[in-house]
Amino acid sequence: MGFQLQANEQDIESLIKARSNENVDKITTVKMPITCDLQTKEPDLSSNETITSDDNYASWIMKFPSALSMFDQMMNEAKGKTIVVFLDYDGTLSPIVDDPSQAIMSEEMRSAVRAVAEHFPTAIISGRCRDKVYDFVQLTDIYYAGSHGMDIMAPMRTLRPATADYQTRTVDQMGNEVVVFQPAQEFLPAIQEILKALEEKTKTIRGVTTENNKFCVSVHFRNIDKEDYFELEEQVKSVLKDYANFHLTRGRKVIQSRGQGQGYPIIVSSIPKETNASYSLRDPSEVMSFLIRLAEWWNSSFLG
């Protein structure tokens, strides 16, 4: 997760123009690959995500301090600037679960996101299909970027005429008028071919699930035996070799992206790991605490 500071008002145009970045962390900007991504999960084959060493984590947290403990300093630096909030979904707004369809967002988290979105432009960015994320979140007046930016939905009021390419005006599930930006429509037939081929190639590997995220395909292997991982990777590569416009990317449990420019990149993790973030939060409960505090900061700063 993360939020970005801008001197000017943020709108959908800046989201659309966000550039692709190869690095992986839950932070500030939309990942916009030129071609669609086929997403797998990096081989984290441990049974669970627990802190393996208190000393290691203590050393790591010194390098990437908690965004909660640094909150006042961050807000002091934010004075006079527009704050724009970018959030991942899996592992940030919902817990990581074995079954991706059960990554349910709590009502308390929904309330926290709603409170932040009332005061700051807020976007939820995910490798998942945008419709799935919207169904989980069920909030209006925020930006949704699914398939790593290949499928963006924004409130109609944010649209500028200069961003008209690939746009469709429609209504969301709640009847609100929105604009949808989908620059990869031409790849949809190929994505369906890839999905079908992957399902066929991986069906003999126990624990594998494939997820159709419309403009990308995710291959989940959290539940496979570790000795099957390299076979799975070879099967995925064998499918992609016939599709030059597609590429394989990896993530540990959720797909993350690195931000550019001014901002506060925050990694959400309970274990030490390599990252380009500046700050950290341990889990979704700390994310919720941070969002609540951010909304309270706005109220105290502007309402007295």
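A short reminder: the numbers here are calculations on the coordinates, not readings from a lab. All values reported here derive from a predicted model rather than from experimental measurement. Virtual Cβ from ideal backbone geometry, glycine too; neighbours counted across all protein chains shown.
List of remarks:
- Inter-probe distance in nm under a simple model that places probes 7 Å from Cα toward Cβ, at Thr204 and Gln192: 2.8 nm
- Estimated inter-spin distance, Met75 and Thr168, nm [label 7 Å along Cα→Cβ]: 4.2 nm
- Here each label is just a point 7 Å from Cα along the line to Cβ, and for Arg282 and Lys226 those points are 2.6 nm apart.
- Annotation: amide H of Ala123 within the under-5 Å range of Val85, Phe86, Leu87, Tyr143, sequence separation 5 or more or interchain, hydrogens built in the peptide plane.
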